[in-house]
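Only one structure is covered here, and it is reproduced in the block below.
The values are calculated or read from the model by the stated rules, or taken from the named source; none is laboratory data. Predicted model, so just to flag it, every value in this text is computed and none were measured. With ideal geometry, Cβ positions are generated from the backbone for all residues, glycine too; neighbour counts draw on all protein chains shown. SASA here: full protein model, heavy atoms, side chains in, ligands and nucleic acids out. Shrake-Rupley method; radii C 1.70, N 1.55, O 1.52, S 1.80 Å.
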Amino acid sequence: MDQKRYEVEITFRQTIRYAVDAVNKKVAEKAALDRWKAGDEATLVGSECCDVVAVHTDAVPCDDRCEKDARDAYRYLRDRELVLEMLDEDQFNPTVHDAVSAEEVALHLHWKRHGSSVEGHPDTPRAARALDRLCAERRVVCFTRDRVRAGEKGEIRLYCTPQHLALLSSMILDEEPVAAGAAA
């Protein structure tokens, strides 16, 4: 019997409890969420990790499909970056647009997952597989940054082309001296 490669995604719910001194419930919840986001374990009074929410398994597709997915993902990244660069030509109002996550790529390419527990969700594993392939080919770069949305913690992987990263870096380096001079 021939073996195939599978990607198995296990989603679980973790419950943790903090001891928090506060004037009311709302302040206590905010303090606990802030501690959770920061990874503070000093006031942690308990942790449980026993609820499996879902298990989803997919066979890794053939190399031809993976190659096509990588081409599609690269085309999306370059098109997006070219549009952003054209929009950002206003030298009096420069902005820094971040790279994109695998989930964003899946959403914009309309890659949807199939299966009872994940039906219709963005196919983030497919996008991540394509983007990681592009990284291995050095056509795309990957970096991580802290998650900044409410209710999230940890890091998120972001992707862009080396050319876009160079543009982002130059914009940041050009803006820092202005910000320092404005503060003085």
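Residues in segment 138-171 that are surrounded by fewer than 10 Cβ atoms within 10 Å (Cβ to Cβ) and at pLDDT 90 or above: Arg138 alone. Filtering Val23, Val45 for residues that are of a type in the set (A, V, I, L, M), open to solvent by 90 Å² or more (accessible area, probe 1.4 Å) and either without any contact (Cβ under 8 Å) to a residue 12 or more places away in the chain or under 18 Å from Arg113 (Cβ atoms) (or both) leaves a single hit, Val23. Just one of (1) surrounded by fewer than 13 Cβ atoms within 10 Å (Cβ to Cβ); (2) at pLDDT below 70; (3) within 22 Å of Tyr6 (Cα to Cα) fails for Val118. It is (1). Across segment 6-41, the qualifying residues are those that are out of contact with any strand residue (DSSP E or B) (no Cβ under 7 Å at 6 or more places or on another chain) and in a loop (DSSP other than H, G, I, E, B), and the one among them that is farthest from Val55 (Cα to Cα) is Val23. With respect to the conditions (1) surrounded by 10 or more Cβ atoms within 10 Å (Cβ to Cβ); (2) modelled with pLDDT of 80 or more; (3) of a type in the set (Lys, Arg); (4) closer than 30 Å to Gly120 by Cα, Arg13 falls short on a single one, namely (2). Residues in segment 26-36 that are open to solvent by 80 Å² or more (accessible area, probe 1.4 Å) and in contact (Cβ under 8 Å) with a residue 40 or more places away in the chain: how many? Adding up the residues that qualify gives 1.
When Asp174, Asp132 are checked against the criterion of being at pLDDT 70 or above and either over 28 Å from Ala70 (Cα atoms) or of a type in the set (Asp, Glu) (or both), Asp132 stands alone in meeting it.
Residues in segment 106-137 that are of a type in the set (Ser, Thr, Tyr) and under 16 Å from the mean Cα position of the chain (by Cα): Thr124 only.
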